[in-house]
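Following: one structure in structure tokens, then a few remarks.
The values are calculated or read from the model by the stated rules, or taken from the named source; none is laboratory data. Not measured: the values here are computed from a predicted model. Note that each Cβ is placed from the backbone with ideal geometry, even for glycine, and that neighbours are counted across all protein chains shown. Please note that ligands, DNA and RNA were not included when accessible areas were found on the heavy atoms of the full protein model with its side chains. Shrake-Rupley method; radii C 1.70, N 1.55, O 1.52, S 1.80 Å.
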Amino acid sequence: MTRVHATPNGLVEFSPQEETARNIEEQAWNNASAIRKLLDIKEIRLQKLIETDYLANSDVTMPDNIKTWRQSLRDIPQDFSTEEQYDLLLARDEETGKLTHSIWSKP
């Protein structure tokens, strides 16, 4: 499929150099897919940790199951390291849009 630019004078086809440059840009974007997913996962993880930070205060005793869960959240980068695993972590329920992987469920 030939790519085109929209110009005031209508559509103009990409030159061979523009086509090559665009292909390189698209390949770079696709190659960074795993990095973008990991950044999303780290942001979700941070929000989950923030939700229970109040339990880490000196005047509160954090339950062991929360300690274990928080540790499993912190261990995500070492325990999940492939793009396929990232996809599992980012899977959402089609109806509710909620994350479905069990690691996100607070005990």
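Selection of the stretch 69-80 for residues being open to solvent by 80 Å² or more (accessible area, probe 1.4 Å) and among the hydroxyl-bearing types (Ser, Thr, Tyr) yields an empty set.
There is no residue in the stretch 21-38 that is among the acidic types (Asp, Glu) and under 17 Å from Lys106 (Cβ atoms). Close contacts from the stretch 29-49, counting a first residue that is farther than 14 Å from Leu90 by Cα and of a type in the set (A, V, I, L, M) and a second that is part of a helix (DSSP H, G or I) and modelled with pLDDT of 95 or more, with Cβ to Cβ under 7 Å and a gap of 6+ residues or different chains, come to Leu49/Arg70; Leu49/Leu73. Checked against the criterion of being exposed (fewer than 10 other Cβ atoms within 10 Å of the Cβ) and in a helix (DSSP H, G or I), the candidates Ala21, Ala28, Ala34, Ala6 yield just one match: Ala28. Here is the figure for the stretch 91-107: residues that are out of contact with any strand residue (DSSP E or B) (no Cβ under 7 Å at 6 or more places or on another chain), open to solvent by less than 70 Å² (accessible area, probe 1.4 Å) and in contact (Cβ under 8 Å) with a residue 24 or more places away in the chain total 2. Only one of the listed residues (Leu88, Leu55, Leu46) is hydrophobic (A, V, I, L, M, F, W, C), within 21 Å of Trp104 (Cα to Cα) and open to solvent by less than 70 Å² (accessible area, probe 1.4 Å). That residue is Leu55.
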